[in-house]
1. Below 10 angstrom from the Cβ of Thr593, what's the summed charge of the other residues (Lys, Arg +1; Asp, Glu -1)?
2. Which GluC sites (Glu not before Pro) does segment 504-586 hold that lie in a coil by DSSP with at most 10 other beta carbons within 10 Å?
3. Based on the Cβ-Cβ distance of Asn188 and Lys379, what FRET efficiency does E = 1/(1 + (r/R0)^6) give at R0 = 51 Å, to the nearest 0.05?
4. Taking 0.36 nm per residue of sequence separation and subtracting the Cα-Cα distance, how much length would be gained by fully extending the chain between Lys568 and Glu499, in nm to one decimal?
5. So if I place +1 on the C-beta of Lys and Arg and -1 on the C-beta of Asp and Glu, and nothing else carries charge, what would the dipole magnitude of segment 310-421 be about its Cα centre? I want it in debye, nearest 20.
6. Multiply the residue separation of Asp317 and Thr421 by 0.36 nm, subtract the distance between their alpha-carbon atoms, and state the gained length in nm to one decimal.
7. Search the structure for amide H atoms under 5 Å from the amide H of Phe439, placed 1.01 Å from N in the peptide plane, and list their residues when 5 or more places away or on another chain.
8. Can you list residues from other chains, or at least 5 along the same chain, whose modelled amide H is less than 5 Å from the amide H of His401?
Amino acid sequence: MPERLAETLMDLWTPLIILWITLPSCVYTAPMNQAHVLTTGSPLELSRQSEDMRILSRSKRGWVWNQMFVLEEFSGTEPILVGRLHTDLDPGSKKIKYILSGDGAGTIFQINDITGDIHAIKRLDREEKAEYTLTAQAVDFETNKPLEPPSEFIIKVQDINDNAPEFLNGPYHATVPEMSILGTSVTNVTATDADDPVYGNSAKLVYSILEGQPYFSIEPETAIIKTALPNMDREAKEEYLVVIQAKDMGGHSGGLSGTTTLTVTLTDVNDNPPKFAQSLYHFSVPEDVVLGTAIGRVKANDQDIGENAQSSYDIIDGDGTALFEITSDAQAQDGVIRLRKPLDFETKKSYTLKVEAANIHIDPRFSSRGPFKDTATVKIVVEDADEPPVFSSPTYLLEVHENAALNSVIGQVTARDPDITSSPIRFSIDRHTDLERQFNINADDGKITLATPLDRELSVWHNITIIATEIRNHSQISRVPVAIKVLDVNDNAPEFASEYEGFLCENGKPGQVIQTVSAMDKDDPKNGHFFLYSLLPEMVNNPNFTIKKNEDNSLSILAKHNGFNRQKQEVYLLPIVISDSGNPPLSSTSTLTIRVCGCSNDGVVQSCNVEAYVLPIGLSMGALIAILACIILLLVIVVLFVTLRRHKNEPLIIKDDEDLRENIIRYDDEGGGEEDTEAFDIATLQNPDGINGFLPRWGLPTQRWEERNAIQTGCV
Ligand SMILES: *[C@@H]1O[C@H](CO)[C@@H](O)[C@H](O)[C@H]1NC(C)=O
Ligand SMILES: *[C@@H]1O[C@H](CO)[C@@H](O)[C@H](O)[C@H]1NC(C)=O
């Protein structure tokens, strides 16, 4: 330590001396008549100074220099002399006193007011405060009167190397890829030194590595850390601790130093191929395993990590390439072997596969090290399983004519037990699919027979399910769909497609088409329907009508002459025989009703069948009933009238042989008077029947009115 201090002091003296030497050449602009001389340094310096002061006073210059220096961290027992104030005023008889004010005056810096010596009475720290601004003045010792204006000067604190370098951001972490070439830059670090960077070497840093060699190196000036070994392998060692030192004083002995740590992690590169843990894998699988089931897993290990360890798995060879597949599980980084197609123990009992694992992310730098893949052999043994019966076909389609005899065989299903044990099979019908018990099956040979009659016109398809059960193991069951199609037999005769009624115009011409009819047949012959129409044999020479078949399988009925008259005959019935083209053909007779009608000149039917056919057009049933009611009422009245008249012929009617109607009108006109009452009484008395409620003289007009009214409401 003492050695270091000495060195520091040497450094400090150098600038002071220089300042002293350059003193004369400094030009100062202090007040012209009065001048101070600030002196500083050791007694030696002060004596030299006084020499120069003489020169200065000669040139009448005021301040010689306005700054002083004081060493920081000085730790002597006595206050340290910083400098001396001196004015070249002629003291004359008066005594001069110096006064100091400003930064630290009195507390840090003390002045001897007679001699002007300034002492630092406290230890100073440049890093805390680098300079102090003070003011000096010369006053009269007794009166304290200023003898000159105050003058400002600065005391600078001189740096010593009292601060060690520091790594403020440490400890550090950095990464570098494994297998990097020598000299690959890793990171750089920075230390700071609080000492004065512009003065001396107190802040001049040099970096070095204390720990971490021979793997890493550091550039002394820039602190850039680089790899110092080529091809460092992450798989061998992943993490390195580097201790870095920064030393000030340019690294010379006696400087201060600071250290930090840097943790360097090697990052992975793909420098290792995958490698199967085993060269041979054995798996076994029951033959009835569900497709897609995982049969086994193979794994190729890879010393790398992350995507550099990822491999894709493939089946590259073997006798089971069509039946098995392998998928890569990125999570587990293994390969999963699955079944792709059904196995059959009875056909083939074992398979061999060659599987390959290949790295997905290859680094071309290392491809010369060989292929980044590996292969292994997988042996798969198929195990026998008790399998359910197998039908000879996955579905069956049977056809049967609808007139098939009961118990006749419709078709047959067959099934076998694929196992070596080969159990016999029993067949049955799933009755849920044959609720009407239309069919039976022979349990032993699978022959399906008809149990109840079929009707294609009722149901074309009977889709049933047949069950096959192994006799030796009833849990081994298979089911097969059997679609039974009912084929058509000509068992329905054709008939009119609807109820037809033809209308014939009285004034129509011979050959007029009265009606076109078509036929329908419930059967469904393969080649479609073809109908034959004919008149009954005895009608073949019908003088009134003839028939003509149309291309579209329909029939037109034509009039043969124009002599139809509805007075003579209103309705004709024409039976028509329709037969189909079945084998044998079936036929039936349908009768067409033809009405004779009056028509307009352009052939529009206007009235048929005297009355009934005047009204019908556009009249509802209700209207017809109303009309009918009118007629009945009319008839009742007529009958009543006739009866009454017979009973009261003399007194009532014959008086003046007047028109009854006139009488009635008269009564009506004068109604309500005595005569009226009289007339009523007389009538009642004279006619015993009047007691029954019939009031002849009253009643008649009333009834007549009702009658008119009824006709009006009913018939209009
Ligand atoms: C029966 O099966 C046949 C053939 O598969 C099909 O065409 C038909 O629609 C099925 N009928 C019914 C009623 O399911
Ligand atoms: C033809 O019409 C006449 C009257 O117009 C009738 O007398 C005769 O019976 C009809 N013939 C047949 C076969 O309907």
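Read the figures in this text as sums done on the coordinates, not as results from a lab. Keep in mind the model is a prediction, meaning the values are calculated, not measured. Using ideal geometry, Cβ is built from the backbone for each residue, glycine included, and neighbour counts are taken over all protein chains shown.
1. Working: positive: Arg595; negative: Glu499, Glu501.
Net charge in that neighbourhood comes out at -1.
2. On the way: sites: Glu506, Glu538, Glu551, Glu570; in loops: Glu506, Glu551, Glu570.
In loop regions of segment 504-586 (DSSP not H, G, I, E or B), the sparsely surrounded GluC sites (Glu not before Pro) are Glu551.
3. Details: r = 58 Å, r/R0 = 1.13.
Step by step, r from the Cβ atoms, then E = 0.30.
4. 22.3 nm
5. Charge dipole of segment 310-421: 600 debye, to the nearest 20.
6. Working: separation 104, 0.36 × 104 = 37.44 nm, distance 3.39 nm.
The span from Asp317 to Thr421 would gain 34.0 nm if fully extended.
7. Excluding prolines and chain starts, which carry no amide H, the hits are Ala451.
8. Leu487
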